[in-house]
1. If we keep just the residues of region B:225-259 that are within 8 Å of another protein chain (Cβ to nearest Cβ) and more than 15 Å from A:L81 (Cα to Cα), which is surrounded by the most Cβ atoms within 10 Å (Cβ to Cβ)?
2. The conditions are (1) within 17 Å of A:T202 (Cβ to Cβ); (2) not in a helix (DSSP H, G or I), and A:L134 fails exactly one of them. Which is it?
3. Only one residue in A:I194, A:I146, A:I204, A:I181 is over 19 Å from A:A21 (Cα atoms), touching a helix residue (DSSP H, G or I) at 6+ places or on another chain (Cβ under 6 Å) and open to solvent by less than 50 Å² (accessible area, probe 1.4 Å), so which one is that?
4. Given the options B:N58, B:N102, name the one that is under 15 Å from the mean Cα position of the chain (by Cα) and surrounded by fewer than 20 Cβ atoms within 10 Å (Cβ to Cβ).
5. Go through region A:30-49 residue by residue and tally those that are surrounded by 15 or more Cβ atoms within 10 Å (Cβ to Cβ) and out of contact with any Leu (no Cβ under 8 Å at 6 or more places or on another chain).
6. Is it the case that B:I189 is aliphatic (A, V, I, L, M), surrounded by 21 or more Cβ atoms within 10 Å (Cβ to Cβ) and farther than 18 Å from B:V12 by Cβ?
7. Name the strands (runs of 3 or more DSSP E) wholly within region B:198-248 that hold at least 3 residues that are touching an Asp or Glu at 6+ places or on another chain (Cβ under 6 Å)?
8. Just wondering, is there one or more residues in region A:207-216 that are at pLDDT below 90 and over 20 Å from A:S91 (Cβ atoms)?
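The values are calculated or read from the model by the stated rules, or taken from the named source; none is laboratory data. A quick note: this is a predicted structure, and the numbers were derived from the prediction, not measured. Glycine gets a Cβ as well: all are built from the backbone with ideal geometry, and neighbour counts include every protein chain shown. Quick note on the areas: whole protein, heavy atoms, side chains included, nothing else; ligands and nucleic acids left out. Shrake-Rupley method; radii C 1.70, N 1.55, O 1.52, S 1.80 Å.
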Amino acid sequence: MNDHTVKSYDDELSHLTSIIARMGGMAEAQLSSAVQALATRDDELAQRVIAGDARVDELDQEIQSFAVRLLALRQPMAQDLRLIVGALGISGEIERIGDYAANLAKRTLVLNHLPASAPVAGVVRLAELVCTLLKDVLDAYLERDIEKATRVWNRDEEVDALYNAVFQTLIEQMTEDSGTITAATHLLFIAKNIERIGDHATNIAEALHYQIVGTQPAGKRPKGNTVGAPQ
Amino acid sequence: MNALLPLGTIKVKAQGVNVHYGDKHALQSVDLDIRAGEVMALIGPSGCGKSTFLRCINRMNDLVDGARVTGSLTLDGEDIYDRAIDVVQLRARVGMVFQKPNPFPKSIYDNVAYGPRIHGLARDQAELDEIVMTSLEKAGLLAEVKDRLAESGTGLSGGQQQRLCIARAIAVSPEVILMDEPCSALDPIATAKVEELIDELHENFTIVIVTHSMQQAARVSQRTAFFHLGKLIEVGDTEQIFTNPQQPLTQGYITGRFG
């Protein structure tokens, strides 16, 4: 990729990729810290995640303005054009993931002030799966590995299945013991947000596919049912 | 007028076209169809053969010493290189606009009237006036020059001169207009005017344009052909060529990776 006649153009494109990598790494860390804060009822860690979201947003701004600058000054074509347009999309997806991680941390603070009534294990398992997908898709981005991206794309269904199981468990919990309704409702939202993060990881995989080959992944997007009904 | 032909009818068909300039094999077995009513952009690095190909279509290469054209080139199915073809008639059907505006050192009126006069397209002065006015109008120049038609064409600005040359080209009602880097000597506003004109003209004419500006090719054409070292490498819808070219050479050229 580093072979433009104008060398500074190469530098700019790799700079763009490196900010995305930094932003992705940050969102990944935000998510896993938020999950850890949830699992260990850690107020301090949750606070750090909430504060950290501003940095993810800043990077998103930086990427948007840098990409617009490249579009205006370089008038990119073909793979360069796709790289820049893809970066705009991917940055937006990562920014949303950061928001969900921060929301997870906020709800964790609320949960921490309630008795530990509803079980969080299912939600944590769901979150770990999504963390893996996010890590894989970001690795795929750095390695320009389309196969790895496609595997992430195909695995979103697992997230949906696990989400439905968590949903069922929490409903049963609330039915059995109305004292858990507040906590379980927060967990439901958390689970939904994590499921959304899985969707955003899938979107990143699609954007990456477009960047590399210029088309969307072939076939229908694998999509489980996510309305919480039994499969 | 080819506007009457169904869109997509093949206007110019090249099959196995080779051009030699002396020992130099400038164009190597090019197959390319140009459809009626489309703007086809020819792009590629200097010396790739794009202008050579363009100049085959109205036999401008006949004027070059040692030039030899083989293969088949047809206009509406008629062999362009047939001995029976009258080259002057051919060039009335296939007009050309050059890189540098080259108005005749005559009045604006006479520049445009020149073609219709030598081809006897007007029966009287009124008809000639009509042709000149319509051509200037179509070339988007009439409003700017209508009060000074008797002034010299060479006194116009570069952009106006180029539009005068376009008016001169369309005055003989050609079917195809060849443009060889028509905007390379023009400023961005004059360029935009010519591009706007191309957009309007292709409703009535088939246009083939050679350009070094990728952005221009992307802006004005429906299809783009990429040439490299005398070979046609890739041809496709302009949008596809510039967002997702299939050949590594095309990709390398349009993204500025070799040149």
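1. B:F258
2. Every listed condition holds for A:L134 apart from (2).
3. Working: A:I146 fails: over 19 Å from A:A21 (Cα atoms); A:I204 fails: over 19 Å from A:A21 (Cα atoms); A:I181 fails: open to solvent by less than 50 Å² (accessible area, probe 1.4 Å).
After ruling out the rest, the residue left standing is A:I194.
4. On the way: B:N58 fails: surrounded by fewer than 20 Cβ atoms within 10 Å (Cβ to Cβ).
Checking each option against the conditions leaves just B:N102.
5. Within region A:30-49, the first condition is being surrounded by 15 or more Cβ atoms within 10 Å (Cβ to Cβ), and the residues that meet it are A:30-39, A:41-42, A:45-49.
Next, from what is left, pick out any that are out of contact with any Leu (no Cβ under 8 Å at 6 or more places or on another chain): A:30, A:32, A:39, A:42, A:45, A:48.
Looking only at that region, the number is 6.
6. On the way: aliphatic (A, V, I, L, M): yes; surrounded by 21 or more Cβ atoms within 10 Å (Cβ to Cβ): no; farther than 18 Å from B:V12 by Cβ: yes.
No: the conditions fail for B:I189.
7. On the way: elements: B:206-210, B:223-228, B:231-237.
Where strands (runs of 3 or more DSSP E) fall fully within region B:198-248, none carries at least 3 residues being touching an Asp or Glu at 6+ places or on another chain (Cβ under 6 Å).
8. Looking through region A:207-216, at least one residue is at pLDDT below 90 and over 20 Å from A:S91 (Cβ atoms).
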